[in-house]
Amino acid sequence: MPGTLNSFEVIVFDDHTGELVQSDDLMRVGTADEACALAERLAASHAGTLALARSTNTAVGEVNPVRVLLQHGRIGDFA
């Protein structure tokens, strides 16, 4: 759709003495497949990972809800 901006992101969570925290900055990638692949790779060394998709219709300023593409492990109260 014209005016639609899509972004794909990965968030990583670690367990610090029983408390889940976001461990790194948000990682942006170019496609949904790249986000899912990165989340899967990072899942081996972290408590949890999320691959997310966001879309915005810049023509009308509409921001759509975040979509979870893939979840591995524990993510705490993110959702």
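Annotations
- The convex hull around the C-alpha trace of the chain, projected and averaged over every direction, spans 5.4 square nanometres.
- Figure legend: label point modelled 7 angstrom from the Cα of T4 along Cα→Cβ; residues of the stretch 20-38 with amide N under 14 Å from it are 32.
- Which of V29, V60, V12 has the fewest Cβ neighbours within 10 Å, and the rest in rising order: V60, V29, V12
- Candidates P65, L38, F13 compared by Cα position along the dipole of the stretch 4-73: farthest toward the positive end lies P65, with charges placed on Cβ.
Rule-based calculations on the coordinates, nothing more; no lab input. Computed from a prediction, not measured in an experiment: that's the story for all the values here. Note that we place each Cβ from the backbone using ideal geometry, even for glycine, and neighbour counts take in every protein chain shown.
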